[in-house]
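*Asks:* A single structure is presented below for examination.
Read-outs: derived from the displayed coordinates by stated rules, not from any lab. Predicted model only: the values in this text are computed from it and were never measured. Cβ sites come from the backbone with ideal geometry, for glycine too, and all protein chains shown count toward neighbours.
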Amino acid sequence: MPTGLETASGPHNENRNAVILEGTTFVSMQLTNTIFSALCAIGVSVAASGGQDAGAAALPDAGYRLGPKDSLTIVVFGHEELSGKFTVAADGSLAFPLIAPIRAADRTVPEVQAELAERLGNGFLKSPRVSIEISQYVSQRVFVMGEVHTPGAVSLTGPMTLLEVLARSGSLTEQAGGDVVVLRGEDHASSLPLAPGQTGASELGRVSVQDLRRGTVSANVALRDGDTVFVPRAENIFVLGLVNRPGPYMLESGLTVVRALSLAGGTTSLGSTGRIRITRIVDGKRIETKAHLDDVLLPGDTITVGARWF
């Protein structure tokens with residue numbers, strides 16, 4: 001059958017234990033979701049000290065490579081007149097008193113700090129001690145769009161993963177779907193958010209939200225400057241007939257008939273798990289099929305629970 005549904009067979013037993021067990025599984029999943037959201041909230045509170053838009057970082061990364069518009073706090077110990085805030089220029093250079101501009105773009109803070117101390121010690125100061133800290137991260141960022149609580153640009157403070165960036169965006173909304181899409185410009189880092197299917201944007205991968213929640217290492221992909229993280233809105237299925245809470249429900253990845261029944265509060269006293277039909281639109285045509293409890297649902301499916309035989 002092209003719909004991917006299996007035809008139910010055997011006696012019309014009620015199989016209520018399966019629905020009860022699946023309901024327990026769903027409660028466990030809700031607890032997992034709560035823990036995941038709490039972890040994301042922790043990530044937001046850590047990152048929020050400087051503000052997402054400001055690009056300040058509570059935890060600087062020694063491997064971060066500087067770029068245009070990054071703001072630096074430079075201290076030359078014992079020489080207050082040389083200390084202050086400096087900004088990397090558009091051409092990647094860093095202007096500083098007494099010496100010629102230093103190339104800062106695509107270099108780490110320790111590299112720039114070492115060259116600055118060397119230059120100042122070459123005929124200007126005796127054994128200068130120099131400290132450089134990044135006060136604002138501006139040159140590198142990723143975009144988080146779609147079903148997150150705080151969509152927009154997130155400044156990169158060094159190598160960052162998908163989970164870290166989602167945490168800084170306030171975690172997922174209740175309407176978020178089961179996958180997260182990572183997009184990357186084909187030729188160069190994008191200065192604007194990318195959209196799925198956009199010319200010049202390649203899909204780096206689709207990551208399962210469930211895999212992120214489970215801590216699957218391969219799902220927590222590393223991001224780079226210009227990437228876009230897109231969280232689509234969940235699609236719906238519909239549960240009708242003799243269930244306790246009929247109506248639309250968000251489609252989770254791998255959602256089965258028995259789990260959908262759990263979301264709808266199970267069957268009523270008159271409903272039968274042996275008389276379930278699924279209505280699906282395929283190529284514009286309406287197809288109705290009897291289903292097993294373990295059938296996997298597709299976007300837009302309608303489940304109708306019929307009455308038991310007495």
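*Asks:* Given 0.36 nm per residue, what is the gain on full extension from Ile281 to Arg245 after removing their alpha carbon distance, in nm?
*Replies:* On the way: separation 36, 0.36 × 36 = 12.96 nm, distance 2.33 nm.
Taking Ile281 through Arg245 to full extension adds about 10.6 nm, to one decimal.
*Asks:* What FRET efficiency would be calculated for the residue pair Gln175, Leu98, taking the C-beta separation as r and a Förster radius of 45 Å, to the nearest 0.05?
*Replies:* The pair Gln175/Leu98 has a calculated efficiency of 0.20.
*Asks:* Once a ≥ b ≥ c are taken as the square roots of the eigenvalues of the Cα gyration tensor of region 140-231, is the result rounded (a/c under 1.5), prolate (a/b larger than b/c) or oblate (a/b not larger than b/c)? The partial results should precede the final answer.
*Replies:* On the way: a/c = 1.41, a/b = 1.35, b/c = 1.04.
Rounded is the answer for region 140-231, as its axis ratio a/c remains below 1.5.
*Asks:* Could you rank the peptides 232-241, 99-108, 285-294 by their average count of other C-beta atoms within 10 Å per residue, with the highest value first?
*Replies:* Result, highest mean Cβ count within 10 Å first: 232-241, 99-108, 285-294.
*Asks:* A follow-up question, please. His188 to Glu81: extension gain in nm, 0.36 nm per residue of separation minus the Cα-Cα distance? Before the final figure, lay out each step's value.
*Replies:* Numbers: separation 107, 0.36 × 107 = 38.52 nm, distance 3.99 nm.
Result for the pair: 34.5 nm of gain on full extension.
*Asks:* Can I ask one more? Quote the FRET efficiency, to the nearest 0.05, computed for Asn122 versus Arg224 with a Förster distance R0 of 45 Å and r equal to the Cβ-Cβ distance.
*Replies:* Working: r = 36 Å, r/R0 = 0.80.
So the FRET efficiency works out to roughly 0.80.
*Asks:* Can you give the FRET efficiency to the nearest 0.05 for Glu203 and Asp106, using r as the Cβ-Cβ distance and R₀ = 22 Å? Kindly include the intermediate steps, with their values, before the conclusion.
*Replies:* Numbers: r = 27 Å, r/R0 = 1.23.
For R0 = 22 Å, the calculated efficiency reads 0.20.
*Asks:* Less than 10 Å Cβ to Cβ from Gly300, Lys/Arg counted +1 and Asp/Glu -1: what total charge do the surrounding residues give?
*Replies:* Working: positive: Arg280; negative: Glu235, Asp301.
My count for the surroundings of Gly300 gives -1.
*Asks:* Post the alpha-carbon centroid distance, region 247-302 to region 177-216, in whole angstrom.
*Replies:* Taking the Cα centre of each part, region 247-302 and region 177-216 sit 30 Å apart.
*Asks:* Mind checking the dipole of region 71-136: about its Cα centre, +1 per Lys or Arg Cβ, -1 per Asp or Glu Cβ, Debye to the nearest 20?
*Replies:* Approximately 100 debye in magnitude.
*Asks:* Rg over Rh of region 163-310, using C-alpha atoms and the Kirkwood radius, what does it come to?
*Replies:* My calculation puts Rg/Rh at 1.10.
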